[in-house]
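A short write-up of the structure that comes next.
The values are calculated or read from the model by the stated rules, or taken from the named source; none is laboratory data. Because the structure is a prediction, the values reported are computed rather than measured. Ideal geometry is used to build each Cβ from the backbone, glycine not excepted, and the neighbour counts take in all protein chains shown. Surface accessibility is based on the protein's heavy atoms, side chains included, excluding ligands, DNA and RNA. Shrake-Rupley method; radii C 1.70, N 1.55, O 1.52, S 1.80 Å.
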Amino acid sequence: MTATHCPYCALQCGMELTPSGSTAEVAGREFPTNRGGLCRKGWTSAEVLTAPDRISSPLLADGRGGFTPVDWDSVLDLIADRLINTRSTHGANAVGVFGGGGLTNEKAYALGKFARVALGTAMIDYNGRFCMSSAAAAANRSLGIDRGLPFPVTDLDHAGQVMLLGSNVADTMPPFVQHLERARSEGGLIVVDPRRSATAELTEDGGGLHLQPAPGTDLALLLGMSQIAIAEDLVDHDYLDQRTEGFAALARSAAGWHAARTQSVTGVPATLIRRAVRLLAKRRDRGSYVITGRGVEQHADGTDTASAAINLALLLGLVGRPGSGYGTLTGQGNGQGGREHGQKSDQLPGYRMITDPAARKAVAEVWGVAEAELPGPGLPAIKLLASIGEPDGLRALLVHGSNPVVSAPRSMAVTERLGRLDFLVVSDFVLSETARMADVVLPVTQWAEEDGTLTNLEGRVIRRRAAVPPPAGVRTELWILTELARRLGRDGFFSDDPKTVFDELRRASAGGRADYSGISYAALDAGEACYWPYPEGGESTPRLFADGFPTESGRARLVPVNYRGPADQLHRPGELVLITGRLLEHYQSGAQTRRVPELQSARSEAMLEIHPATAEALGIDDGGSVRLHNDRGECYARATYTRSIRRDTVFLPFHFPERERANLLTTEATDPISGMPEFKVAAIRVEAI
Ligand SMILES: Nc1nc2c(c(=O)[nH]1)N[C@H]1C(S)=C(S)[C@@H](COP(=O)(O)OP(=O)(O)OC[C@H]3O[C@@H](n4cnc5c(=O)[nH]c(N)nc54)[C@H](O)[C@@H]3O)O[C@H]1N2
Ligand SMILES: Nc1nc2c(c(=O)[nH]1)N[C@H]1C(S)=C(S)[C@@H](COP(=O)(O)OP(=O)(O)OC[C@H]3O[C@@H](n4cnc5c(=O)[nH]c(N)nc54)[C@H](O)[C@@H]3O)O[C@H]1N2
Ligand code: SF4
Ligand SMILES: [Mo]
């Protein structure tokens, strides 16, 4: 029996694996985030280990739409040759790397180093740009640091009030719901979602309030809430004086957002908005938390919206006060660690900026290269993918842990661009939709077959442990990167041993914002709860901000923000707002969960949630096939009637492939600060077929 964690989301539920034949049996394990509970995806996760179409040999495209198995030595020689060629003909920045927030810390670190040291390219970014970047940017500018939850999840157990903005934890992190029980029992759960989601339903029967704004209007809602807090004098004056700066400018920016205007922009009744603010202001008796999810962050104004949520939390004196706070719910298994160790185009390990001379010097020293050899910042994900086929753009790309053909916005354009690459290498354990387009596919180990660490949504570093041997023919990514680096002239710079890589990561992060230098495999294996920052010789930090904020002044910044509305506006008659998101049964692009029979049979196709009144007006039957379309593409789904959604809005999950891809309709409009695409609002039309 091996103690490890679930392969999927950032809650990283504790799990026990017992080998059984060529797979493993899964049992829930006591861990603070899940207390033994698992969701349906977790219970069935071992099925992917023996997926019938799992790949167990490197594959070479045969030019006729198929693949031929090849041996590792020749395939690595071939990749190295092609990359060296591309580099010498078109320059190092013609080779790019696309990583993922599901990779362990060790893999994410090695990938960032591989790009800069072995390929010499600036062009690395990852799917966290689609996930965490707006909340990260907002936390950095307001609080001076970006750790999803700056407190342990179990702190929520004692809260009287919790406001969840654009987060559907009942489907996306089911065991998390237990941490909301106290708030629900006191009528203090506030859910902000244009749909009556499974989480919004938890507010029924006295559990709390459901605010149902028009999609993309959360920034207006939060400005209105701040205005009410100021107008009703619910703000915490001592806290504002002692711990924050910028109140006057913030008050001016919110001043115009009187309740009637907020109601007319958002559609949320002013009385409900007022009740929500008054509830949160009760924090003096029992703590209050403000928490954001992708529903408010995946917008072209996502950074400003997350800032507005932080502003409200600061006005009420919540951040850094015991029993209260602000946080964002990191999504992918290692969404937190994945954004700290160098996969981001502008960052080096330890959450250090690649433009900071001191950070460059420190990291170059650990890597054993001259500082001048380190490239500068590259392009964020959307721009990186858009550069393919452009004169100075990417010509070769290595993908690790992402399936952008399904998950990137405006998939038609992305797919078309990937097709223009001279050379695409995808590392995966199945032939994902992206892997199918590759010139070379490299089969890698899965979670139950590898050691490493991840950093969960609380900033707590946890151990992933190998429980079963991988199939013959499969390799770890650390091994692949080490072997490729050797062929690229960097022999001895990389290691395929996770613990050796972690020890190097510790040193490379020392002195950075996300300092891991005090954390070790030995401490983790002994059961120590290690939250970063944890400098060597120092202590773990379960709670941030108790004594101040890591900003220049030591104070949190209230950042004035303005409402702009979504990039896609409804202009033409008959248009509806499409919002996209998740189902309990499927994970992300579905590459893994669509291969689990129990999950796939429960949810085998894309269902469009639509209000019966809207559907009837369009002649769409419950269960009927529909075509959704806009200027960017068309997508097919089956309609399902629900009264839980606004009449001007429809909802589609993004887990399905081919012509059921929700992303055929989404826009490439991105947040100007974070580069986060606006997944959550697209103007579309629907028709029965
Ligand atoms: N089952 C499952 N669980 C997952 C994942 C998965 O794919 N499947 N993925 C993991 C990852 S990577 C992530 S990032 C998290 C995401 O977890 P969540 O953020 O909970 O997931 P979403 O479904 O994307 O969005 C949440 C809610 O936002 C609402 N929403 C849409 N537009 C708006 C808007 O304009 N305003 C507001 N207020 N709400 C809006 C949607 O109706 C939806 O109910 O889940 C993690 N857990
Ligand atoms: N319309 C719409 N689109 C969205 C979103 C949305 O809400 N709406 N959400 C966005 C968000 S928040 C996210 S996080 C992205 C995620 O979307 P993707 O980046 O596509 O994430 P996954 O589907 O998890 O892709 C992971 C791929 O890597 C493989 N894989 C898993 N683990 C490993 C590993 O350790 N190594 C390697 N090499 N491969 C591995 C899996 O088999 C799978 O093929 O989607 C984004 N796209
Ligand atoms: S909630 Fe997340 S970590 Fe927990 S079992 Fe489900 S997918 Fe796995
Ligand atoms: Mo995500």
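Descriptive notes on the structure:
- Per residue value of the accessible surface for segment 436-539 (all protein chains in place, 1.4 Å probe), Å²: 35
- ³J(HN,Hα), Karplus 6.51/-1.76/1.60, whole Hz, each residue of segment 420-427, x for Gly, Pro: 8, 5, 6, 7, 10, 10, 10, 9
- Gyration tensor (alpha-carbon) shape descriptor, segment 49-138, a/c threshold 1.5: oblate
- Only helices enter this figure: runs of n ≥ 4 DSSP H residues, each worth -39500 (n - 2.57), summed and divided by the residues of the chain, yield -7500 deg cm²/dmol at 222 nm to the nearest 500.
- Sulfur and carbon atoms: percent of accessible area, the chain [1.4 Å]: 48
- Anisotropy class of segment 530-593 from Cα gyration tensor, a/c 1.5 cut: oblate
- The residues of segment 144-240 present an accessible area of 25 Å² per residue when probed at 1.4 Å with all protein chains retained.
- Relative contact order computed over the chain (Cα-Cα under 8 Å; 6+ residues apart), in percent: 19
- Between the residues Ala170, Ala136, Ala159, the greatest Cα displacement towards the positive end of the dipole of segment 87-188, with unit charges on the Cβ of Lys, Arg, Asp and Glu, is found for Ala136.
- Computed over neighbours whose Cβ is under 15 Å from that of Pro672, the net charge equals -3, Lys and Arg +1, Asp and Glu -1.
- Three-way shape call for segment 373-465 based on the alpha-carbon gyration tensor, with the a/c threshold at 1.5: prolate
- Relative packing of peptides 67-73, 485-491 - highest average C-beta neighbours within 10 Å first: 485-491, 67-73
- Sorted peptide list for 549-557, 207-215, 373-381, criterion being average Cβ within 10 angstrom, highest first: 207-215, 373-381, 549-557
- Packing order of peptides 667-674, 236-243, highest average first: 667-674, 236-243 (average count of other Cβ atoms within 10 Å over each peptide's residues).
- Span-like helix check, the chain: qualifying full DSSP H segments, with Cα axial length of 18 Å or more and mean Kyte-Doolittle of 0.5 or more, are 218-231, 302-315.
- Considering only beta bridges that DSSP places wholly inside the chain, some 45 percent are antiparallel.
- Annotation: extensible slack from Asp621 through Asp525 equals 29.0 nm (criterion: 0.36 nm per residue apart, minus Cα-Cα distance).
- Charge dipole magnitude, Cβ of K and R +1, D and E -1 - the chain, Cα centre, debye nearest 20: 1020
- Å² of accessible area per residue within segment 262-379, as computed with a 1.4 Å probe and no ligands counted: 27
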